[in-house]
1. Search the stretch 89-107 for residues being closer than 10 Å to residue 35 by Cα and not β-branched (Val, Ile, Thr), and hand back the single one that is nearest to the chain's Cα centre (by Cα).
2. Given 20, 55, which one is over 17 Å from residue 88 (Cβ atoms) and at pLDDT below 90?
3. Going through the stretch 32-46 one residue at a time, which ones are among the small types (Gly, Ala, Ser) and out of contact with any Leu (no Cβ under 7 Å at 6 or more places or on another chain)?
4. Got at least one residue in the stretch 35-51 being part of a loop (DSSP other than H, G, I, E, B), out of contact with any Ser or Thr (no Cβ under 7 Å at 6 or more places or on another chain) and modelled with pLDDT under 95?
5. Name every residue in the stretch 130-186 that is surrounded by 17 or more Cβ atoms within 10 Å (Cβ to Cβ), of a type in the set (Gly, Ala, Ser) and at pLDDT 95 or above, in order of residue number.
6. What helices (runs of 4 or more DSSP H), lying completely within the stretch 86-186, carry at least 1 residues that are among the charged types (D, E, K, R) and touching a residue at least 24 places away in the same chain (Cβ under 8 Å)?
Amino acid sequence: MADLAMRAAMRRDVVADRAMDRRLRRLAPGARYALRLGAADVAAAGAALGIDLAMAMNRAGSAGARHALRLGPDEWLVLDAADDGGVAGTLTEGLAGCVYGLVDIGHRQVAVGLESGDAAAMLNALCPLDLSLGAFPVGMATRTVFGKADIVLWRTGAEAFHIEIWRSFAPYVVALLGEIGREYPD
């Protein structure tokens with residue numbers, strides 16, 4: 001019981017009380033896992049999750065409300081709308097006998113969505129990546145910085161981004177995007 005109370009407190013909404021730019025929206029909490037595994041086990045993990053994990057680096061794959069973002073040669077960020085332990089259970093069963101690491105990081109991160117014709121320009125104000133559609137196409141995902149905050153940036157549409165932010169940096173990132181948004185009127 002104490003574990004559930006602690007989990008709820010750790011996942012409190014740190015951006016709910018903030019005035020957000022009209023193009024930003026708080027995304028549902030869901031489950032977040034850091035998955036590390038060797039090349040020999042990628043197919044088994046993908047089969048267990050229902051997502052082909054053998055995608056190119058810095059790409060995302062999806063199956064329904066479950067997503068996997070390949071952030072490194074042996075590293076994926078697994079997101080699931082259901083926060084019911086299904087990812088952990090599925091991988092424990094599917095990777096029996098394999099060596100892998102799976103860490104629940106749902107307490108550490110929050111997510112916001114940014115959708116607008118100016119989304120890439122707003123992000124580029126403080127993100128050093130080329131976020132033009134040609135250089136950062138739909139489905140691309142990477143770890144980067146926004147201002148002084150580490151983020152995971154995933155382009156979900158031509159004018160839409162999913163931004164994973166460490167909980168302690170969320171108010172800072174949301175405030176910066178709000179300030180930058182003032183330069184981009186409707």
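1. Looking at the filtered set, the residue picked out is 104.
2. None of the others qualify; the one that does is 20.
3. Answer for the stretch 32-46, where residues must be among the small types (Gly, Ala, Ser) and out of contact with any Leu (no Cβ under 7 Å at 6 or more places or on another chain): 38, 39, 40, 43.
4. no
5. Of everything in the stretch 130-186, those that are surrounded by 17 or more Cβ atoms within 10 Å (Cβ to Cβ), of a type in the set (Gly, Ala, Ser) and at pLDDT 95 or above turn out to be 139, 141, 149, 170.
6. Because the criterion is at least 1 residues that are among the charged types (D, E, K, R) and touching a residue at least 24 places away in the same chain (Cβ under 8 Å), the helices (runs of 4 or more DSSP H) in the stretch 86-186 that meet it are 86-94.
Residue-by-condition table, conditions (1) assigned by TED's automatic domain parsing to the domain that holds residue 30; (2) of a type in the set (Val, Ile, Thr):
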| site | (1), (2) |
| --- | --- |
| 97 | yes, no |
| 116 | no, no |
| 133 | no, no |
| 156 | no, yes |
| 169 | no, no |
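For every residue, the table says whether it meets (1) more than 17 Å from the chain's Cα centre (by Cα); (2) in the same structural domain as residue 142 (by TED's automatic domain parsing); (3) over 23 Å from residue 97 (Cα atoms); (4) without any contact (Cβ under 8 Å) to a residue 12 or more places away in the chain.
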{"residue": "30", "(1), (2), (3), (4)": "no, no, yes, no"}
{"residue": "33", "(1), (2), (3), (4)": "no, no, no, no"}
{"residue": "43", "(1), (2), (3), (4)": "yes, no, no, yes"}
{"residue": "54", "(1), (2), (3), (4)": "yes, no, no, no"}
{"residue": "63", "(1), (2), (3), (4)": "no, no, yes, no"}
{"residue": "67", "(1), (2), (3), (4)": "no, no, yes, no"}
{"residue": "78", "(1), (2), (3), (4)": "no, no, no, no"}
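The values are calculated or read from the model by the stated rules, or taken from the named source; none is laboratory data. Please read these numbers as outputs of a predicted model, since none were measured by experiment. When we count neighbours, we look across all protein chains shown, and the Cβ atoms used for this are built from the backbone with ideal geometry, even at glycine.
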